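K.L.:
Shown below is the structure under consideration.
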């Protein structure tokens with residue numbers, strides 16, 4: 001385990017998106033101070049194996065939306081198991097950890113091995129894989145890990161910005177919508193709340209598309 005991580009990903013209610021997946025090891029805060037999710041691509045054999053399998057299954061003649069839907073479904077049903085992705089199962093997972101040697105830094109690999117997690121774990125996995133797909137030329141655009149207030153709690157998902165679309169990817173809630181379309185924005189507003197999506201819309205307009 002690396003003692004020092006290159007950055008901490010944390011997106012609150014910012015009007016401009018400033019963080020994406022960094023190069024090298026990094027960590028991401030969980031819902032409480034006792035959980036910090038760490039990712040090191042050089043020490044994540046499960047994540048790497050899943051990425052290679054995802055690439056093999058992707059069809060290059062698919063549309064951007066079809067490819068993103070495939071990534072979402074792969075994270076939701078192959079890397080994780082929907083029936084294990086709730087707070088009760090996550091608590092059971094935490095109880096399996098060795099209390100005497102427990103540290104707040106928990107590798108994403110451990111959640112993937114147990115196929116359990118909630119929104120933050122699925123969103124982090126989705127964003128990490130999508131970022132790597134972009135870097136290897138499978139997508140043109142930029143992706144971001146988003147965390148914002150939704151109703152009475154915080155929620156996490158992935159944003160993929162292409163030249164025309166703002167794709168809202170939520171593997172935990174099984175949602176893929178183009179927030180820039182009138183219908184997509186309306187559906188997202190009904191699910192996540194109008195205030196949340198207005199903040200997201202402001203982010204999209206203040207974030208420069210990166211090809």
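Readers should treat all values here as calculations from the given coordinates under stated rules, not as data from a laboratory. Keep in mind the model is a prediction, meaning the values are calculated, not measured. Virtual Cβ from ideal backbone geometry, glycine too; neighbours counted across all protein chains shown.
K.L.:
Calculate, in whole percent, how much of the Cα-Cα pair population of the range 32-123 lies beyond 18 Å. Kindly include the intermediate steps, with their values, before the conclusion.
P.N.:
Values: 2091 of 4186 pairs.
Cα-Cα pairs of the range 32-123 separated by over 18 Å account for 50 percent.
K.L.:
How much length is gained if the chain between residue 89 and residue 164 is pulled fully straight, taking 0.36 nm per residue apart and subtracting their Cα-Cα distance, in nm to one decimal?
P.N.:
23.2 nm
K.L.:
Related question: Once the piece of chain linking residue 110 and residue 63 is laid out straight, how much longer is it, given 0.36 nm per residue of separation minus the C-alpha distance between them? Don't skip to the end; give the middle numbers.
P.N.:
Numbers: separation 47, 0.36 × 47 = 16.92 nm, distance 3.27 nm.
Gain on extension, residue 110 to residue 63, equals 13.6 nm.
K.L.:
Let me ask something else about it. Can you list the residues of the range 37-51 with backbone N under 20 Å from a point 7 Å past the Cα of residue 97, pointing along Cα to Cβ?
P.N.:
From the range 37-51, the list is 37-41, 43-47.
K.L.:
Sorted by average packing, counted as other Cβ atoms within 10 angstrom per residue and highest first, what order do 84-93, 194-203, 119-128 take? Provide the component values of the computation, followed by the final result.
P.N.:
On the way: 84-93: 14.6, 194-203: 17.3, 119-128: 24.8.
Going by the mean number of other Cβ atoms within 10 Å, highest first, we get 119-128, 194-203, 84-93.
K.L.:
Give me the number: length gained by fully extending residue 48 to residue 202, i.e. 0.36 nm times residue separation minus the C-alpha to C-alpha distance, one decimal in nm.
P.N.:
Working: separation 154, 0.36 × 154 = 55.44 nm, distance 3.40 nm.
That pair, residue 48 and residue 202, stretches by 52.0 nm at full extension.
K.L.:
What area, in nm² and to one decimal, does the C-alpha convex hull of the range 65-211 cast on average over all directions?
P.N.:
Working: hull surface 37.8 nm².
The number I arrive at for the range 65-211 is 9.4 nm².
K.L.:
While we're looking at this one, here's another question. Which residues in the range 45-69 have a backbone N closer than 15 Å to a point placed 7 Å from the Cα of residue 183 along the Cα-to-Cβ line?
P.N.:
65-66
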